[in-house]
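Where a number appears in this text, it was derived from the coordinates with a stated rule and is not lab data. Every value quoted in this text rests on a predicted model; they were computed, and no experiment measured them. Here the Cβ is made from the backbone with ideal geometry for all residues, glycine too, and neighbour counts use every protein chain on show.
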2 protein chains.
Amino acid sequence: MNDLVIRPATPEDIPAIVALLAADSVAVSRESPDDLAPYYEAWERIAADPNQHPSVAVRAGRVVGTLQLSVIPGLSRTGATRVIVEAVRVHSDERGNGLGTLLMEWAVERSRELGASLVQLTSDRSRTGAHRFYERLGFTGSHIGFKRQL
Amino acid sequence: MNDLVIRPATPEDIPAIVALLAADSVAVSRESPDDLAPYYEAWERIAADPNQHPSVAVRAGRVVGTLQLSVIPGLSRTGATRVIVEAVRVHSDERGNGLGTLLMEWAVERSRELGASLVQLTSDRSRTGAHRFYERLGFTGSHIGFKRQL
């Protein structure tokens, strides 16, 4: 794994990130990899917000993983800052080699650096393998994640 | 409910918000209502971030409800912006009178105004009454919420 770099995403990474987002059986219907325009528009909103940290894992010049960290200052939990992790994906070629663990351990360490005392994420109920993975990493599935489309 | 106002929170609301946060059996051990200093420090971080919307419901000059909306621009879901709702509390005097529903309907409408296409929240597994409440409001408990303390 010596050649792996985890770094902030750049606009040049967008096609590879979208390919990873769309290469997922749960999420494929939500993405439009043949029309990247909405992703470039979203990038403008992300880049304008210093609390957003879209990130990529790169090996030999190829994006092989991605996630986004969002820093959320709040009053609850005695004024705790939390980090929310969204859009975690690992390339199918790279599953089972520890990249997911490295990526999430990096996310936890980066969250500490960003001042967070809590890291949280939600995972679709159907992703039972992912749930075991997050539990091994020290996460507790203590909550139900509710979503409503607008 | 004619005298109810839902508005952005101000620093003057912090003692009342903290009292609401602490008056909760699940969360009481996480709060320090006798020492507000960490909350005022957290307020500085919240106020510096235009994507944070701490909010209060006020009736007859008294804070009777609170929640925080956090706007998160992202790449996933074709560049969707989502709103995360945290720290939802309703005063015990006001339960069962529809205030919770009004507050959450306000949160959904405000999220639309803020450009979100998805609203999400997590609720402790033990809050089964709250889960039915969110489902009645059109939320789906499709995810497991994982948290890790740092």
_If you average 1/r across every pair of different Cα atoms in the range A:7-150 and take the reciprocal, what Kirkwood value do you get, in Å?_
16.2
*In nm to one decimal, list the spacings between the B:Leu150 label point and its equivalents in the other copies, with label points set 7 Å along Cα to Cβ, shortest first.*
2.8
*If you bin every alpha carbon distance in the protein assembly as shown into 20 Å steps from zero, what whole percent lands in each bin?*
33, 57, 10, 0
*asked:* Which of A:Pro50, A:Pro11, A:Pro73 ends up with the largest GNM mean-square fluctuation for chain A, with Cα atoms connected below 10 Å?
replied: A:Pro50
*Taking each label point as 7 Å beyond Cα in the direction of the beta carbon, state the distances from B:Arg112 to the same residue in the other copies, shortest first, in nm.*
4.4
_GNM top mover of A:Gly138, A:Gly115, A:Gly100 - chain A, alpha-carbon springs below 10 Å_ = A:Gly138
*Add +1 for every Lys or Arg and -1 for every Asp or Glu among the other residues with Cβ under 12 Å from the Cβ of A:Val83, and state the total.*
+2
*Most fluctuating residue of A:Thr140, A:Thr101, A:Thr66 in a GNM of chain A with Cα springs under 10 Å: which is it?*
A:Thr140
_Please give me the summed charge of the neighbours of A:Ser111: other residues whose Cβ is under 14 Å from its Cβ, Lys and Arg +1, Asp and Glu -1._
+1
*Per DSSP H run of at least 4 residues, take -39500 (n - 2.57); add these up for chain A, divide by its residues and hand me the 222 nm value, nearest 500 deg cm²/dmol.*
-9500 deg cm²/dmol
*Which far-off residues, 5 or more places away or on another chain, put their amide H under 5 Å from the one on B:Gly65, with H placed in the peptide plane?*
B:Ala57, B:His91
*Axis proximity, chain B to A: residue whose C-beta lies nearest, plus whole-Å distance*: B:Gly145, 2
*Quote the FRET efficiency, to the nearest 0.05, computed for A:Leu114 versus A:Ala48 with a Förster distance R0 of 22 Å and r equal to the Cβ-Cβ distance.*
0.80
*In nm, give the distance between the simple-model label positions of B:Glu105 and A:Ser126, each being 7 Å from the Cα along the Cα-to-Cβ direction.*
3.3
*What residues of the range B:53-74 lie in the reach of a label at B:Asn97, counting those whose backbone N is under 18 Å from a point 7 Å from the Cα along Cα→Cβ?*
B:56-67
*Using Cα pairs under 8 angstrom and six or more residues apart, how large is the relative contact order of the range B:4-136, in percent?*
21
